[in-house]
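The values are calculated or read from the model by the stated rules, or taken from the named source; none is laboratory data. Keep in mind it's a predicted model, so treat the numbers as computed, not measured. Cβ atoms come from the backbone with ideal geometry, glycine included; neighbour counts cover every protein chain shown. In case anyone asks, the SASA skips ligands and DNA or RNA and just uses the protein heavy atoms, side chains included. Shrake-Rupley method; radii C 1.70, N 1.55, O 1.52, S 1.80 Å.
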Amino acid sequence: MLVASAHKPTTEKMRLKAAVPLKTEVPTMGLHSKKNFVTANAIETILAKPKQLPEDFRWTLKPEFGEVPQYLVKNKQQVAEEKARVEEHLRLRQQQEHDAHVTQMSEQERQQLLGDLKTKWATVNTAYQKLPFSLDTPAKMKRKETFERQLTEIEKDVRLLEHGSTVLVLQE
């Protein structure tokens, strides 16, 4: 049986590094260069050609100059959509909370409240009418103003209850 040399390449590979020194080779000791690297580097830098600066580029001449980048447009749209979702969520939540705290007053309760308000108005009015005509002290003036304020508030509430048939009560 013939065995071909499968381990040897058909073409030689180009060597990039120097060969490893043999065991018998003695390294050169004490090898010094008399070259002044600082002076050589300075001379090399002085004699080198200056770098060519790139031509003055005008960004204003680019076709997309002044346009809003697409990523900013997309981000702004995403922020607006998120804000709309949050506002919708808050509105729905607030509506649910509002609906949970509001109840309708029955007609019987409304009539009873109306009668109680009229009775209270009558008692406040009789106390107001019993005030003296001359209001010479600050306490009498303050009492008169308090009675007037209470009467106008009760009258407003009576008008409100007589006007509508549906009364909604907000529970806190």
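Can you tell me which residue among Lys120, Lys76, Lys130, Lys140 is of a type outside the set (A, V, I, L, M, F, W, C), open to solvent by 70 Å² or more (accessible area, probe 1.4 Å) and farther than 30 Å from Leu160 by Cα?
Values: Lys120 fails: farther than 30 Å from Leu160 by Cα; Lys130 fails: farther than 30 Å from Leu160 by Cα; Lys140 fails: open to solvent by 70 Å² or more (accessible area, probe 1.4 Å).
Going through Lys120, Lys76, Lys130, Lys140 in turn, just one is of a type outside the set (A, V, I, L, M, F, W, C), open to solvent by 70 Å² or more (accessible area, probe 1.4 Å) and farther than 30 Å from Leu160 by Cα: Lys76.
Could you please give the count of residues in the range 53-73 that are surrounded by 10 or more Cβ atoms within 10 Å (Cβ to Cβ) and more than 26 Å from the chain's Cα centre (by Cα)?
Of the residues in that region, 1 qualify.
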